[in-house]
Structures are given as C-alpha cells and as structure tokens.
Amino acid sequence: MASRKQSLLSVSVRRNRWRSQGLPLLLWILFASGLVIESLAPRLKIDHRAFVMPETLTATSAPIHPDAIVDRERKMQVAASLLILGSAVGLAFFYQRKIMAALMPDKFSHPPSL
Amino acid sequence: MSRTVLSRIGTLLAVAIVAFTTFAITVHAAQTITTPNESYFTYNLAAGASSGAITPIANAPVLVQGVQTTLGYRGVGHISLLRVPSSFLEWTGVESPASAAITSGFSGTKGTHILYLDYSHLVDLQVDTTDAFLIHNGNSIAQTGIVTLIW
C-alpha cells in the first residue's frame, strides 16, 4: 500500500516537473525552431504581387529554378509560421498568470481578501 | 527600481518581442501563400554576358515577359513557353519592336534564339539546354531589364 502511494506520488512529482520545466522548454524550442526555419528560407521579396528573384541569381551562371525556389519559400514560411504561432499561443497559455500580473499589477499582486 | 518592477518590465518586453515576431512571421507567410506563381528577374548584363540558366516549370504553360530598360535600347516582348523535360523548349510570342514579329519554334539546342527584349534586337532569350533558357546580351555595352515568369 505504502509503495503504491509512493509510486503515485513519484508520478505526480514527475508530471509537475514536466509541466513546470519540460513544457515551457519544449515551447521555447519550438519557437526557436520556427525562427531558424524562417532564417533559412530564401526570403524572397514580394513586389507587385510577384516574387522578386535576387539580382545575384541572374548575375552568376548557376542554374535558376524559380518554381522550386518559390515552392521552397512557401513551404518554409508555412512551417515557420505554424511553429511560431503554435508555440506563441502555448507560451501565452503557460505564462498567462505572469502576463496578466505584468499587465494588471494591482489586480494580481495581492491575493483576494476573504 | 524594485525587483518586482524589473520583473514586470522584463515580462512585458518578452511578451512584446514574442508577439511582434509571431505577427511579422505570420503576416509574411500569409503574403507568401497568397502571392501568385509569378517571379520577377532583374538583369544587369555586361557586354557579351549571359545570365544563369532559367528553368521554367515542366509541362505547364509559362508566360515569359521581358522589358529592356537601358536608355536608347528599350523594348518589350513576350512568349508563351512549354518545357518538355529533357527534350526541348517550345514557344510562341511577339518580338520586341522595332519590327515586332511573331517568334515561335521549339529547340533544345544551345544558342537558339527565342525572343528579343530590346529595340536593337541585340539582347535576347536563348535556349541554353533542353530544360532552360538564358538572357544574352549581344550588345557592346551593359544592358539592364526585367524578365517575369508566370506559371
């Protein structure tokens, strides 16, 4: 009986540790991954509703595949935005008390009186 | 300044940075998704130089439009292009003035003329490989212009 209680307690401790340390770490990692993907994307400029290929591409003799570049840009932008948006929402939920306390210090600084 | 105030400022700063980053990246992604399949090349080629080979999408119609912007040599032309992978490029369209005539044909041979972009018919699109074309400046001075591909 005592060992069962102990194992339940240890599961609960692990769960709390995951919630307090593992989850925010995962969310920050996802957020950072989104930033990394965004920085690795071709980052094509959009002008007059068209993708502008950098002049450096036509200046060199390297082959250019505009459809592949545009496709890669789209896929990377979608992946980055999903990761960043998802993790930002998760972080907002996780830190909601802290954020609310920072936004409304008077309301959240003292526990409500009985 | 108390530790609580500093912590509050830090939290608000972090919230602002995360919110701004998320907003900027999401807006850019939305813009990227909604932009049509159109790419825009600016070229600036020295005398006798050629651009890199441009490979259009295969087995689908591609509209290629070009303008030459160098003063005294300005021109405009366009073609509809088909790429049959590893076989040839096929096109039809209208050459740049002066004497804008129909240009049409198919080829996979390097150097075959496709479309003149300038008034003097010295800058043109040429077949580079069976899968790609390039912009060639046959003029004795540098030439600039824009080529767009819509697919």
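Every number in this text was worked out from the coordinates using simple rules, so none of it is lab data. For clarity, every value in this text was computed on a predicted model and none was experimentally measured. When we count neighbours, we look across all protein chains shown, and the Cβ atoms used for this are built from the backbone with ideal geometry, even at glycine.
Quick notes
- The range B:107-118 - phi-based ³J(HN,Hα) in whole Hz, Karplus 6.51/-1.76/1.60, Gly and Pro as x: 6, x, 8, 4, x, 5, 6, 10, 8, 7, 10, 10
- Loop-resident trypsin sites (Lys or Arg not before Pro) (DSSP state other than H, G, I, E or B) in the range A:45-114 with no more than 16 further Cβ atoms inside 10 Å of their Cβ: A:ARG49.
- Relative contact order, percent, chain A [alpha-carbon distance under 8 Å, six or more residues apart]: 32
- Contact order relative to length of chain B, as percent, for alpha carbon pairs under 8 angstrom and 6 or more apart: 28
- Of the residues A:ARG4, A:ARG15, the one with the fewest other Cβ atoms within 10 Å heads the list, and the complete ranking is A:ARG4, A:ARG15.
- For the range B:44-87 and the range B:94-151, distance of Cα centres in Å: 6
- Amide H partners (placed H, <5 Å) of B:THR130, local residues excluded: none
- Global form of the protein assembly as shown, assessed from the alpha-carbon gyration tensor, a/c cut-off 1.5: prolate
- Dipole of the range A:34-98, positive direction: furthest Cα of A:THR58, A:PHE93, A:SER39, with charges on the beta-carbon: A:PHE93
- B:ASN139 long-range amide H proximity, modeled H, under 5 Å: B:GLY48
- Listed residues B:ALA100, B:THR148, B:ILE79: farthest to the positive end of the dipole of the protein assembly as shown (Cβ charges): B:THR148
- Tensor-based shape of chain B (alpha-carbon gyration tensor, a/c under 1.5 rounded, otherwise prolate or oblate): prolate
- Distance between the 7 Å Cα→Cβ label points at B:THR42 and A:SER20: 5.6 nm.
- Phi-based couplings in Hz for the range B:69-84 (Karplus 6.51, -1.76, 1.60; Gly and Pro marked x): 10, 6, 4, x, 10, 5, x, 8, x, 8, 9, 9, 10, 10, 10, 9
- Charged-residue dipole, Cβ positions (Lys, Arg, Asp, Glu), the range A:2-108 about Cα centre, Debye nearest 20: 1060
- Full extension of the chain between B:PHE20 and B:SER2 gives 3.8 nm of extra length, using 0.36 nm per residue less the Cα-Cα distance.
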